[in-house]
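Note sheet for the following structure.
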Amino acid sequence: ALLTFGRLSSSSEITAMKSCGVSFYRIAAPVIVLGVVVSIFSILFTEHVVPRANNAYENVIAYEIQGNAAPKSQDHIVIKEIKDGEMQRLMYARRYDAATETLEGVTMQSFENGETRYVQDAAYAKWEGTQWTMYQGVIYEVAGGKSEHTMRFDKQVLPISAGPGRIMREQKKPEELTMRELRQQIELMRTQFVDTKKLETELYQRITLPMASLVFAIIGVPLGIQPTRSSSSRGVGLSLLIFFCYYVLMTLAGAIGQSGALNPAYAVWLPNVAGLIIGVCLMREAAH
């Protein structure tokens, strides 16, 4: 936007359009519309393409490069069993201890017709060669969103067939998850009172970062339309400066959201809100 409108302005094209009665907002409209289109495309691309590409990359690293390397200890383990597009089981463990092959703080939800039917909590689950066995746990039977029956157990088989190696390889990083999967993981971790601010920040940035295209368009048009005959290097330099300022604000907003100083849903919008305010002020000034 800066380079294009800077070139139009330096060639007196903007002056010619205005002298023919074309308003500033009509001149700026194509760029604003394109900013909206690019933002929407970026959101869809980030949701449907990027997670699959990142997951494919991690699979290459895990299977082709690392091979049969022993699984390492890891926090926040999530296992899903999906059949015919419906969730059958969802398991969460606070930590996997590679030295003892133990899952600590285990919770497993069983679903029927898309609704939670049973919830099993256990202090830990140990891999015993061919199966996972849970110890010191409770089973809750759920109906209508409320717990109806409760049964305690000292020892119970965990109905997960995957061994430690497969479970560790199937763990996904936040950048490999879609927004829907991120929301599911956040809700599951909240039931275990785990801090989810980092994941929430990642989730909301899936929307705010693509929206930066629209913000940049709104800022770039009035800056580029200034009646100066400067070289294109000024536009490039100004673009880089704006990108740098936005990146600093984005990093700061992410840190604020993850720290809990401000709700992540609001914190991640700070760069866009600041950009929109500046852009609207510049647009109004340029229109007059």
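See the values below:
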quantity: Inter-site label distance for Phe41 and Cys20 at 7 Å from Cα along Cβ, in nm; calculated: 2.7 nm
quantity: Average accessible area per residue (Å²) across the chain - probe 1.4 Å, nucleic acids and ligands excluded; calculated: 58 Å²
quantity: Calculated Rg and Dmax of the Cα atoms in Å (choose from (1) 26.1, 85; (2) 20.4, 64; (3) 22.4, 68), label; calculated: (1)
quantity: Inter-label distance, nm, simple model (7 Å from Cα along the C-beta direction), Ala261/Lys173; calculated: 2.6 nm
quantity: R0 of 45 Å, Cβ-Cβ distance Arg234-His48: FRET efficiency to nearest 0.05; calculated: 0.75
quantity: Options Ala56, Ala162, Ala287, ranked by Cα towards positive dipole end of the chain, top entry (Cβ charges); calculated: Ala287
quantity: Neighbourhood charge, 15 Å Cβ-Cβ cut-off, centred on Asp195 and excluding it, Lys, Arg +1 and Asp, Glu -1; calculated: +1
quantity: Distant-in-sequence amide H partners of Ile160 (H built 1.01 Å from N, under 5 Å); calculated: Trp132
quantity: Alpha carbon centroid spacing (whole Å) that separates the stretch 39-67 from the stretch 197-228; calculated: 23 Å
quantity: The chain, accessible surface, carbon-and-sulfur percent (1.4 angstrom probe); calculated: 57 percent
quantity: Additional length obtainable on full extension of the chain from Arg183 to Thr4, 0.36 nm per residue less Cα span; calculated: 60.4 nm
quantity: Tally of Lys pairs whose C-alpha atoms are under 25 Å apart, taken over the stretch 145-222, 8 or more apart or cross-chain; calculated: 5
quantity: Approximate spin-label separation Lys80-Ile61, in nm, with each point projected 7 Å along Cα-to-Cβ; calculated: 2.0 nm
quantity: Residues in the stretch 115-159 reached by a label modelled at Val194 [backbone nitrogen below 16 Å; 7 Å Cα→Cβ]; calculated: 120-125
quantity: GluC sites (Glu not before Pro) lying in DSSP loop within the stretch 70-166, provided at most 11 other Cβ fall within 10 Å; calculated: Glu128
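The values are calculated or read from the model by the stated rules, or taken from the named source; none is laboratory data. These numbers were taken from a predicted model, which means no experiment stands behind them. For neighbour counting, all protein chains shown are included, and Cβ atoms are generated from backbone atoms with ideal geometry for every residue, glycine included. Ligands, DNA and RNA are stripped out before the accessible areas are found, and what is left, the full protein with its side chains, is counted by its heavy atoms. Shrake-Rupley method; radii C 1.70, N 1.55, O 1.52, S 1.80 Å.
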